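As structure tokens, the structure follows; a few thoughts come after it.
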Amino acid sequence: MDRNQLIGFSLLGVLLVAYLFYNNHEQKIFEEQKRAKFVADSLAHPRRTADSLKTATLPVAAAAGATDSAAEAMRRSKPAYFGEAKEVSFGNKKITLQFSTKGAFPVSAVVNGYKTYYGKPLNLFSGAGNQLSAILPFDNGKSTADLYYSPAMRDEPNGDKTLDFSADLGEGRKVNLIYTLPADDFMMRCSLVLTGMSASSVPLTWQIQGLRTEKDITNERMSTQVYYRTKSGDNDYFTVKTDKESLQHTDASLHWAGFRKQYFSAALINDDGFGKMDMKYMARPEDTNIVAQSMVKVDLPLKPGNNAQSAAFKLYIGPNDYHTLRSYGIGLDEMVPLGVGPMAFVKYVNKFLIIPLFYFLQSFIGNIIIIIVLMTLLIRLLLSFFTYKSFLSSAKMRVMKPELDELRLKCGDDQQKFSMEQMKLYKSVGVNPLGGCLPMLFQLPILLAMYYLFPSFIEFRQQHFLWANDLSTYDSVLNFGFAIPWYGDHVSLFTLLFTASSLFVAIYNRNMTPQDPNNPLMKYLPFIFPVILMGMFNKMAAALTFYYTVSNLLSMLQQFIIQKYFIDEKAIHAQLQENKNKPPAPSKWAQKLEEMQRLQAERAKQMPRRSDKK
């Protein structure tokens, strides 16, 4: 590996580190621009006033002043206005929900089969900050959240379970909120049926407060986003901001809106499409139990019937499992971030290569560590052609070193002349100075794809290995009790192993690469990046740093095998010398590069003459 290769690798490294440094900043700027545009659109859009959304005041005072018989008559005529809030449990194998008889909406959701980082039942949301309600075309905009319902539960012949909440408003008016859960699914079907009331649509509000479930709440908040997708297929997402309420608005027909935490999500879905959408979201750092909160308001179209109007929609409440979300076929898998921003192209590497490979191995291997090692090995074998080409180019540079040393002695301190003679020599023997860099460039998308996949893939969550009790978050063998700038407040052993293996790779490559004596700094440049990355990866998922460590070790083994059994430097040297006797193959790139160097040399010679004339 000569100076050109080292420069190429260094530029690739600088590109990668610069991306990792500034990606979050660029994403913030990008999202702020989108947010500013949406807010401007929202302000220009005529909104419903707060007064139109306020619940009409119950005639309780009048009832209190009336006689007991009048109050009893009112209770009989409008039983939905009076009652006591009770909780009703409703669930299946996947989720367990608690509903309130006041409002008839789920107030908490436990995702079965999962635990929080601290071993407790995994409550995705719970408490008064969660609501699903509609504004009725009755009693000056009565909210379904203010009514009292009678629940009725039944088992369907196909194995589904149905929970039917009924609220009697009197005079033939009735509201039914019906929820149906399949026996083994995270998707709940919902229906709103209005009897004796007429409207083409009703405003629907969905409010959710996501609870903390992971080890690092700061990272969990940074990973919390709101998503939406329109019926036309357009989709977008926004990261929840801390202590800043953000607003989004769209007039397009909405297919679904989702609230995504790091590993669990909830989504409101209408296959027929909602109307316009208003969305508010924020995080409150003072509450260490709540990660973030979101409120979505949409127009829910109603279908007419015999004296009743109805609307059907769905609620997804469950994990960010890529396979599960993709199975619904409506784009919910977009809530698993496999590549975003400037590196959005790597999500296709994940979708069509890494994830299918993972699921294939998982189909007959149960150990997650063995899967990671086999994935690394198979990816290394897949890229072995490019690795071989890179090492072959390095071998050509090594056998050319004596001739390059002679050129340096011949040209002395004239670097321009040396560069021109070097290009002529490379051209005469058929060596591409970028031959070692370009093959390695094809490996960069794989590295970036893994960078996005491992912190987002729920399959690594709470998987144990050695000292790491959860591969989806950082492993910690020592906690300082204070934060060190750039590094953090703990020691991740897998990150140290990754850094050490990266340094070993740099040392191995240095010993196998001819060094340029005119650039002593190049000798130390490959050792700088692993140290820089150590601070960045200290809070990354242990599965990711373990993968990079295994990849580095396999890289050294692969390099040793290729150089020992596939690279014959004597044969390469003989072939290069033989190439000198052949007519050089025309290369437009080499000719252009040589012409540029010639012009630079001429300009350098002319500059002193111009100064002498002056």
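The values are calculated or read from the model by the stated rules, or taken from the named source; none is laboratory data. Remember, predicted model here, so these are calculated numbers, not experimental data. Cβ: placed from backbone, ideal geometry, glycine included. Neighbour counts: every protein chain shown. For accessibility, only protein heavy atoms count, side chains too; no ligands or nucleic acids. Shrake-Rupley method; radii C 1.70, N 1.55, O 1.52, S 1.80 Å.
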Tally, over segment 537-573, of residues that are part of a helix (DSSP H, G or I) and either in contact (Cβ under 8 Å) with a residue 12 or more places away in the chain or of a type in the set (S, T, N, Q) (or both)
23
Of everything in segment 300-310 that's farther than 21 Å from residue 259 by Cβ, outside any loop (DSSP other than H, G, I, E, B) and at pLDDT 90 or above, which residue is most open to solvent (accessible area, probe 1.4 Å)?
303
Does residue 297 fit the bill of being under 30 Å from residue 455 (Cβ atoms), open to solvent by 50 Å² or more (accessible area, probe 1.4 Å), part of a strand (DSSP E or B) and touching a Leu at 6+ places or on another chain (Cβ under 8 Å)?
no
Pick from 218, 230: which is surrounded by fewer than 20 Cβ atoms within 10 Å (Cβ to Cβ), out of contact with any Gly (no Cβ under 7 Å at 6 or more places or on another chain) and more than 24 Å from residue 273 (Cβ to Cβ)?
218
Condition set farther than 17 Å from residue 143 by Cα and free of Cβ contacts under 8 Å to residues at least 40 places away in the same chain, scope segment 92-109, selection least open to solvent (accessible area, probe 1.4 Å): answer is 108
Residue 315 - would you say it is under 22 Å from the mean Cα position of the chain (by Cα), closer than 22 Å to residue 106 by Cβ, of a type in the set (A, V, I, L, M, F, W, C) and in a strand (DSSP E or B)?
yes
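So that you can scan it fast, the table gives a plain yes or no per residue for (1) surrounded by 15 or more Cβ atoms within 10 Å (Cβ to Cβ); (2) at pLDDT below 80; (3) at negative phi; (4) of a type in the set (S, T, N, Q):
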| site | (1), (2), (3), (4) |
| --- | --- |
| 544 | yes, no, yes, no |
| 559 | yes, no, yes, yes |
| 562 | yes, no, yes, no |
| 571 | no, no, yes, no |
| 599 | no, yes, yes, no |
Entirely in segment 148-265, the strands (runs of 3 or more DSSP E) that have 2 or more residues that are touching a Leu at 6+ places or on another chain (Cβ under 7 Å)
150-155, 161-170, 173-181, 187-195, 201-211, 225-230, 254-260
Can you pull out every residue in segment 230-263 that is closer than 30 Å to residue 115 by Cβ and among the basic types (Lys, Arg)?
241, 260, 261
Evaluate segment 412-423: report whether one residue or more is closer than 23 Å to residue 337 by Cα, open to solvent by less than 40 Å² (accessible area, probe 1.4 Å) and either out of contact with any helix residue (DSSP H, G or I) (no Cβ under 7 Å at 6 or more places or on another chain) or in contact (Cβ under 8 Å) with a residue 24 or more places away in the chain (or both).
no
Residue list for segment 311-324, restricted to those being β-branched (Val, Ile, Thr) and open to solvent by 30 Å² or more (accessible area, probe 1.4 Å):
324
Looking only at segment 506-530, count every residue that is in a helix (DSSP H, G or I), touching a Ser or Thr at 6+ places or on another chain (Cβ under 7 Å) and either at pLDDT 85 or above or not aliphatic (A, V, I, L, M) (or both) and tell me the total.
1
Which ranges mark the helices (runs of 4 or more DSSP H) fully within segment 325-395 that have 2 or more residues being crowded, with 19+ Cβ neighbours inside 10 Å, without any contact (Cβ under 8 Å) to a residue 24 or more places away in the chain and in contact with a Ser or Thr (Cβ under 8 Å, 6 or more places away or on another chain)?
none
Please state which of the following conditions residue 122 fails to meet, knowing it meets all the rest: (1) modelled with pLDDT under 90; (2) not in a helix (DSSP H, G or I).
(1)
Among the residues of segment 273-293, count how many are closer than 30 Å to residue 251 by Cβ and open to solvent by 10 Å² or more (accessible area, probe 1.4 Å).
7
Considering segment 103-142 alone, what residues qualify as being among the basic types (Lys, Arg) and within 18 Å of residue 209 (Cβ to Cβ)?
120
